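Chemist: Structure in structure tokens, see below.
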Amino acid sequence: MGLMDFVKSAGEKLFGSDEEKKAPTPEVKAQVRATALIQHVQKMNIPFKKLDIKVTKDSTVLLGGEVEHQEHAEKIALTVGNVEGVESVDNNMIVSVPKPSATFHTVVSGDTLSKISKVVYGDPMKYEIIFEANKPMLKHVDKIYPGQVLRIPVL
């Protein structure tokens, strides 16, 4: 998939734990952040065969490992990218059963899944496709926020 950009100041707040604040070096801080991101992916129950996460000094997340399906690699990238403090994700995961990649949409103020669906698919009623493609990160169709990056699957 390659490099994806995110809004660093938007997203779920995972960083800032006491353990991270007490980290003696930037390298240890990066390890603590990587562990938090792995736990976040596990909490979302997105399947993977192997997952390697590294966080660089410039707030880039390096993803490695292996998944069965393309959508799982994309969902993992979005899960870690839509975290406050992450500026970009370099997704180098191996996909066992590759399929065409989805496109991605960065939510702006005033967006709804219906509006996005109308622009992308020409039909606002296909918002459910976008909602389903972004589960488990999305829990409700009305709970999106500016700066969030969404998966837009190919029909």
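The values are calculated or read from the model by the stated rules, or taken from the named source; none is laboratory data. Computed from a prediction, not measured in an experiment: that's the story for all the values here. Glycine also receives a Cβ, built like all others from the backbone with ideal geometry; neighbour counts cover every protein chain displayed.
Chemist: Restricted to region 100-132, and to residues that are buried (at least 19 other Cβ atoms within 10 Å of the Cβ) and small (Gly, Ala, Ser), which residue is modelled with the highest pLDDT?
Modeler: Looking at residues that are buried (at least 19 other Cβ atoms within 10 Å of the Cβ) and small (Gly, Ala, Ser), I get SER117.
Chemist: Let me ask something else about it. Give the residue that is farthest from ALA73 (Cα to Cα), with candidates limited to residues of region 8-52 that are of a type outside the set (Val, Ile, Thr) and in contact with an Asp or Glu (Cβ under 6 Å, 6 or more places away or on another chain). Break it down stepwise before answering.
Modeler: Taking region 8-52 and keeping what is of a type outside the set (Val, Ile, Thr), we get 8-24, 26-27, 29-31, 33-34, 36-37, 39-40, 42-45, 47-52.
The next check asks that each one be in contact with an Asp or Glu (Cβ under 6 Å, 6 or more places away or on another chain); those that pass are 8, 11, 13, 29, 49-50.
Values: LYS8: 21, GLY11: 19, LYS13: 22, LYS29: 25, LYS49: 11, LYS50: 11 Å.
Among residues in region 8-52 that are of a type outside the set (Val, Ile, Thr) and in contact with an Asp or Glu (Cβ under 6 Å, 6 or more places away or on another chain), the one farthest from ALA73 (Cα to Cα) is LYS29.
Chemist: Quick one: LEU62 ticks every box in (1) crowded, with 19+ Cβ neighbours inside 10 Å; (2) assigned by TED's automatic domain parsing to the domain that holds THR35; (3) of a type outside the set (Val, Ile, Thr); (4) closer than 17 Å to VAL7 by Cα bar one, so which box is it?
Modeler: In the conditions (1) crowded, with 19+ Cβ neighbours inside 10 Å; (2) assigned by TED's automatic domain parsing to the domain that holds THR35; (3) of a type outside the set (Val, Ile, Thr); (4) closer than 17 Å to VAL7 by Cα, LEU62 misses (1) alone.
Chemist: Among the residues of region 17-36, is there at least one that is surrounded by 13 or more Cβ atoms within 10 Å (Cβ to Cβ), touching a residue at least 60 places away in the same chain (Cβ under 8 Å) and in a loop (DSSP other than H, G, I, E, B)?
Modeler: Within region 17-36, not a single residue is surrounded by 13 or more Cβ atoms within 10 Å (Cβ to Cβ), touching a residue at least 60 places away in the same chain (Cβ under 8 Å) and in a loop (DSSP other than H, G, I, E, B).
Chemist: Here's another thing I want to ask about it. Kindly establish whether LYS50 is in the same structural domain as MET93 (by TED's automatic domain parsing) and closer than 18 Å to LEU138 by Cβ.
Modeler: Numbers: in the same structural domain as MET93 (by TED's automatic domain parsing): yes; closer than 18 Å to LEU138 by Cβ: no.
No; evaluated as a whole, the condition is false for this residue.
Chemist: Continuing with this model, one more query. Take the conditions assigned by TED's automatic domain parsing to the domain that holds LYS29, assigned to a strand (DSSP E or B) and β-branched (Val, Ile, Thr) and apply them to VAL80. Does it pass? Reasoning before the result, please.
Modeler: Values: assigned by TED's automatic domain parsing to the domain that holds LYS29: yes; assigned to a strand (DSSP E or B): no; β-branched (Val, Ile, Thr): yes.
So VAL80 fails the test.
Chemist: What number of residues in region 47-59 are part of a strand (DSSP E or B) and either surrounded by 15 or more Cβ atoms within 10 Å (Cβ to Cβ) or of a type in the set (S, T, N, Q) (or both)? Break it down into steps so the answer makes sense when it comes.
Modeler: First, the residues of region 47-59 that are part of a strand (DSSP E or B): 50-55.
Restricting the remaining residues to those that are either surrounded by 15 or more Cβ atoms within 10 Å (Cβ to Cβ) or of a type in the set (S, T, N, Q) (or both) gives 51, 53-55.
Here the count works out to 4.
Chemist: While we're here: If ASP90 meets every condition in (1) assigned by TED's automatic domain parsing to the domain that holds GLN31; (2) in contact with a Lys or Arg (Cβ under 6 Å, 6 or more places away or on another chain); (3) over 13 Å from ARG151 (Cα atoms); (4) not aliphatic (A, V, I, L, M) apart from one, which number is that one?
Modeler: (2)
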